[in-house]
Amino acid sequence: MIMREKFTDINRLVIKVGTRVLTHETGKLNLHRIESLVREVADLTNSGREVILVSSGAVGAGMGKLGLNEKPKTIPEKQAAAAVGQGLMMHIYEKLFAEYGLVVAQVLLTREDVADRRRYLNARNALFRLLQFGVVPIVNENDTIAIEEIRLGDNDTLSAMVAGLADAGLLIILSDIEGLYTSNPRENSAAQLISEVEEITPEIEILAGGAGTKMGTGGMVTKIQAARIAASFGIPMVITHGKKTGALRRVVAGDPCGTLFLPGEHKPAAKKRWIAFGSNIKGSITVDQGAYEAVIKHGRSLLPIGVVDAQGEFHTGNVISILSPQGDEFARGITNYHLEELIKIKGKNSSDIENILGYKDFDEVIHRDNLAVRV
């Protein structure tokens, strides 16, 4: 289990900075704070580390330019603000990083880029090559073209997905709050900072409370979701106060600041990370108790004999959700059979598949190499 003192050995970081950190209350950019952030990231890069920056602020920057006092509520308004703000943000980042001899690259992602396996691999390869060139990738959700059905939802979730995409060793979220507290510190002066979270339990989720401010999308709820994703990838995550000078330096040095969310014990392969959180789900199958335990406890493949029901409109090669006998999703996987085939062979032995279908391509409905447990 990685602890804070090991952070000094981590070579690849993903840093997410929120809108509230980068902007004034007016919605306009806080140039002093952006310059401070760039200086810290440049210093980390000069120390030999690879840094990917997931930056909010495009919509906020566009708001300032367009004279808007409140965050846009509709997708077209947000797209317009982002279209104005993205260019402004990159211009500022490019200018400031250039003062430290660093080159930046803009990487815009949508849900489709992560959900499509080929585009996922293309994005992954592009990030790796940029890092090899010594470039600082600056990632944001492509709000200019994203619509509600395909958007990742918030940059907290995006940063966790990018951390998994890039095989990062640490995810740092710079927020306008020090971390997770025992209650809302803005309402309760006696609230205490929680230094370390070993597991995201229902009690932890309750502590996260409701989301956001008028400027930011992701309150503590989305940060907890990001921590859950990062933990499943085997990546530790720290939330700390991004408005405090030297926040990144303190985290990387292992200082006990912010809230550390500990990762899972095992870091799954990149393919399984994509299956678990990046892919689009095309349907679901329900399994019996024996199949559930075989997958959960023993890491077995899913055979047709353990399948009780199948729903959706999925085809061979699609990612589907795997439900327990109680109807709870506990895994996802790439199916070897489409819906109509599966309905015919569910509950049957693998040796019966050829007699039922007239052919048999696989013994397994989902092979264990293409199956990702989500609990």
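The values are calculated or read from the model by the stated rules, or taken from the named source; none is laboratory data. Because the structure is predicted, anything quoted here is derived from the model rather than measured. Because the Cβ atoms are built from the backbone with ideal geometry, glycine has one as well, and the counts that use them run over all protein chains shown. Keep in mind that these areas ignore ligands, DNA and RNA; they rest on the heavy atoms of the full protein, side chains included. Shrake-Rupley method; radii C 1.70, N 1.55, O 1.52, S 1.80 Å.
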Give the residue list of chymotrypsin sites (Phe, Trp or Tyr not before Pro) in the range 73-133 that are DSSP loop and have at most 14 other beta-carbon atoms within 10 angstrom. TYR100, PHE133
Under a plain spin-label model, where a point goes 7 Å from the Cα along Cα-to-Cβ, how far apart in nm are GLN326 and MET3? 3.4
I want to check the label-to-label distance for SER351 and ASN122. Put each point 7 Å from Cα in the C-beta direction and report it in nm to one decimal. 4.7
Value of Rg/Rh across the range 301-375 [Cα atoms, Kirkwood radius]: 0.93
Residue-by-residue Karplus 3J(HN,Hα) for the range 347-358, coefficients 6.51, -1.76, 1.60, Hz, glycine and proline x: x, 9, 6, 4, 5, 8, 4, 5, 5, 7, 8, x
Carbon and sulfur %, accessible surface of the chain computed with the full protein complex present, 1.4 Å: 49
The range 281-352 accessible area per residue, 1.4 Å probe, protein heavy atoms, integer Å², reads 47
Amide N proximity, the range 289-321 versus TYR359 label position 7 Å along Cα-to-Cβ, cut-off under 17 Å: 315-318
Surface per residue (accessible, 1.4 Å probe) for the range 5-146, Å²: 46
Count the DSSP beta bridges whose two residues both fall in the chain, then state the antiparallel fraction as a percent rounded to the nearest 5. 40
q = 0.07 Å⁻¹, the chain: log10 I(q)/I(0) [Debye, one scatterer per Cα]: -0.34
Share, in percent, of DSSP beta bridges within the range 219-349 that are antiparallel, nearest 5: 75
For ALA331, enumerate residues with amide H under 5 Å from its amide H, sequence gap 5+ or separate chain, H modeled in the peptide plane. ILE322, ARG374
Leaving out same-chain residues fewer than 8 places away, which lysines sit with a Cα under 20 Å from that of LYS282? LYS271, LYS272, LYS344, LYS346
Contour minus end-to-end for HIS241 and LYS344, with contour as 0.36 nm per residue of separation and end-to-end as the Cα-Cα distance? 31.6 nm
Starting from the amide H of LEU303, placed 1.01 Å from N in the peptide plane, find each other amide H under 5 Å away whose residue is 5 or more places distant or on another chain. VAL365
Taking a threshold of 19 Å on the Cα-Cα distance, which of the pairs LYS223/LYS243; LYS73/LYS223; LYS28/LYS71; LYS16/LYS73; LYS28/LYS65 fall above it? LYS73/LYS223; LYS16/LYS73
Hey, could you pull the Cα Rg and Dmax for the range 240-375, both in Å? 19.6, 69
